[in-house]
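One structure below.
The values are calculated or read from the model by the stated rules, or taken from the named source; none is laboratory data. Keep in mind that what you see is a predicted model, and the values were worked out from it rather than measured. As a convention, Cβ positions derive from the backbone with ideal geometry for all residues, glycine included, and neighbour counts pool all protein chains shown.
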Amino acid sequence: MSPPVFRFAPSPNGYLHLGHALSALLNAEQAARAGGRLLLRIEDIDAVRCKPDYEQAIYEDLAWLGIAWERPVRRQSEHLDDYRAALGRLADQGLVYPSFESRAEIAAQAAGRDPDGAPLYAGAAKSLPEAERERRIAAGEPYALRLDMAAALARTGPLTWNEDGGTIAANPAAWGDVVLARKDVATSYHLSVVADDALQGITHVVRGRDLYESTAVHRLLQALLGLPAPVYRHHRLLLDADGRKLSKSTQATGLRELRAGGRTPADIRALIGLD
Ligand code: GLU
């Protein structure tokens, strides 16, 4: 049997903090314990927010923590054709449509909130005639390509995912017609993460609890694209003194700041409750 494959998949849109250290170290430990492999994936599809300096810092900080990963590293920005191909397979099934509303319009028409608290798209553009879609795209209007959630679920039926050996009922409908790509961005987090986990043969996804609800969308896309489903383990989140999730802008928990202040990798492990 081939060994299990784990991955750590940070986005280079800021410096790593203690929460990333927890994720990376859990991946490394679980891979080692299972006799598995550890891959590093740079999730840099957001060309505006991702910076080469942050990517370089990821390599330095992970090496400092004592984590070893396989080369070459997969950088999502170098694989946009793979995501276009996956999008094309969904479009071929009649599951993708363009929407043209601005953020403000989406918020004004919102049909509730998605699990991240963002306004839920009400789906108005789903009924636009094909000729009007073509006219607006040809006119250069910005648009988002969305998954027709109702049609997708009609195709797959109810889905579950494997959460560390337990079975979780997936509820992708809570996300509504999720964005899969935009006029200027060939993919989205959901689409590229699902394509890459399959292309890299990932068997175990170890990541923060903040992505737990997203797993429902990932399972749905896997089912629609005929891709294998990894085992998921969503780990605890580290909170700041005010009880909020750590963010890349919180200097106090940045690995670089902690290192500059004389902390050792062993100190980091103690700070995040490992050992
Ligand atoms: N790139 C995502 C992040 O930095 C993580 C994606 C994942 O682990 O699925 O939050």
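Within the bounds of the stretch 243-261, is there any residue that is out of contact with any Ser or Thr (no Cβ under 8 Å at 6 or more places or on another chain) and under 26 Å from Leu95 (Cα atoms)?
First, pick out the residues of the stretch 243-261 that are out of contact with any Ser or Thr (no Cβ under 8 Å at 6 or more places or on another chain): 243-245, 247-261.
If we keep only those that are under 26 Å from Leu95 (Cα atoms) too, we end up with none.
Within the stretch 243-261, not a single residue is out of contact with any Ser or Thr (no Cβ under 8 Å at 6 or more places or on another chain) and under 26 Å from Leu95 (Cα atoms).
Of all the residues that make up the stretch 1-58, how many are of a type in the set (Asp, Glu) and away from the ligand (no atom under 14 Å from the Cβ)?
Count: 2.
Could you say which residue among Leu16, Leu40 is buried (at least 18 other Cβ atoms within 10 Å of the Cβ) and either touching a helix residue (DSSP H, G or I) at 6+ places or on another chain (Cβ under 6 Å) or of a type in the set (Phe, Trp, Tyr) (or both)? Walk me through it before giving the result.
Values: Leu40 fails: either touching a helix residue (DSSP H, G or I) at 6+ places or on another chain (Cβ under 6 Å) or of a type in the set (Phe, Trp, Tyr) (or both).
Just a single option satisfies the conditions, and that option is Leu16.
Taking the criterion of being farther than 23 Å from His190 by Cα, over 16 Å from the mean Cα position of the chain (by Cα) and touching a residue at least 24 places away in the same chain (Cβ under 8 Å), would at least one residue in the stretch 20-27 satisfy it?
Residues of the stretch 20-27 that are farther than 23 Å from His190 by Cα, as a first pass: 25.
Among the residues that remain, those that are also over 16 Å from the mean Cα position of the chain (by Cα) are: 25.
Imposing the further condition that a residue be touching a residue at least 24 places away in the same chain (Cβ under 8 Å) reduces the set to 25.
Yes.
Taking His190 as meeting all but one of (1) over 22 Å from Tyr121 (Cα atoms); (2) within 15 Å of the ligand (Cβ to nearest atom); (3) without any contact (Cβ under 8 Å) to a residue 40 or more places away in the chain, write down the number of the exception.
With respect to (1) over 22 Å from Tyr121 (Cα atoms); (2) within 15 Å of the ligand (Cβ to nearest atom); (3) without any contact (Cβ under 8 Å) to a residue 40 or more places away in the chain, His190 is out only on (1).
Please go through the stretch 234-264 and pick out each residue that is surrounded by fewer than 16 Cβ atoms within 10 Å (Cβ to Cβ) and farther than 30 Å from Ala216 by Cα.
Ala241, Gln251, Ala252, Arg256, Glu257, Ala260, Gly261, Gly262, Arg263, Thr264
Please find, among Arg269, Arg263, Arg219, the residue that is more than 30 Å from Tyr143 (Cβ to Cβ) and touching a residue at least 60 places away in the same chain (Cβ under 8 Å).
On the way: Arg263 fails: touching a residue at least 60 places away in the same chain (Cβ under 8 Å); Arg219 fails: more than 30 Å from Tyr143 (Cβ to Cβ).
Unique residue meeting the criteria: Arg269.
So, Ala195, is that one modelled with pLDDT under 95 and either within 15 Å of the ligand (Cβ to nearest atom) or not in a helix (DSSP H, G or I) (or both) or not? Before the answer, list the steps.
On the way: modelled with pLDDT under 95: no; either within 15 Å of the ligand (Cβ to nearest atom) or not in a helix (DSSP H, G or I) (or both): yes.
No, not satisfied.
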